[in-house]
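Working notes, beginning with the structure itself.
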């Protein structure tokens, strides 16, 4: 089964990611940077980035989760100078201009892709939308009840 179909059906409380950003992110990425968050679900990480001064575009293939995130963003955008934008989109064909982001945040995302060709395609898309000298922040995680771990950068 195509993993995109599976993720379209997850509900807020079921989405399994619990990975936070590595503290190195904040050391290497300057506030004000334009960040694209892949598979943001309900928007926990993008809202955290906004509070810290980043401009974030977030997308997910799951329309239900984006609707929930949109409500959170309306309030959040009125409280902060930096803004968040939200989209329903498929990472295999991003609706964004070439060279338009300082950072692509691909966190605990590639892990869910079953087809290796999809992984290659998504890496091509990140390269396309990143500005010259842009940063691809990618992390993966092994998650068990006994030992949650992740690696980034």
Selection status of residue 91, part of a helix (DSSP H, G or I) and either touching a strand residue (DSSP E or B) at 6+ places or on another chain (Cβ under 7 Å) or under 24 Å from residue 23 (Cα atoms) (or both): no
Could you grab me the full set of residues in the stretch 49-64 that are in contact with a strand residue (DSSP E or B) (Cβ under 9 Å, 6 or more places away or on another chain) and either part of a helix (DSSP H, G or I) or closer than 18 Å to residue 111 by Cβ (or both)? 49, 50, 59, 60, 61, 62, 63
When residues of the stretch 1-22 are limited to those that are under 16 Å from residue 138 (Cβ atoms) and either more than 12 Å from the chain's Cα centre (by Cα) or modelled with pLDDT of 55 or more (or both), the one surrounded by the fewest Cβ atoms within 10 Å (Cβ to Cβ): 20
Here the residues within the stretch 34-56 that are at pLDDT 90 or above, within 17 Å of residue 138 (Cα to Cα) and surrounded by 23 or more Cβ atoms within 10 Å (Cβ to Cβ) are 35, 36, 37, 49, 56
Within the stretch 23-33, the count of residues that are assigned to a helix (DSSP H, G or I) and surrounded by fewer than 19 Cβ atoms within 10 Å (Cβ to Cβ) comes to 5
Within the stretch 112-135, how many residues are buried (at least 18 other Cβ atoms within 10 Å of the Cβ) and modelled with pLDDT of 95 or more? 6
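The values are calculated or read from the model by the stated rules, or taken from the named source; none is laboratory data. Note that the structure is a prediction, hence the values are computed from the model and not measured. Every residue, glycine as well, gets a Cβ built from its backbone with ideal geometry; the counts of neighbours run over all protein chains shown.
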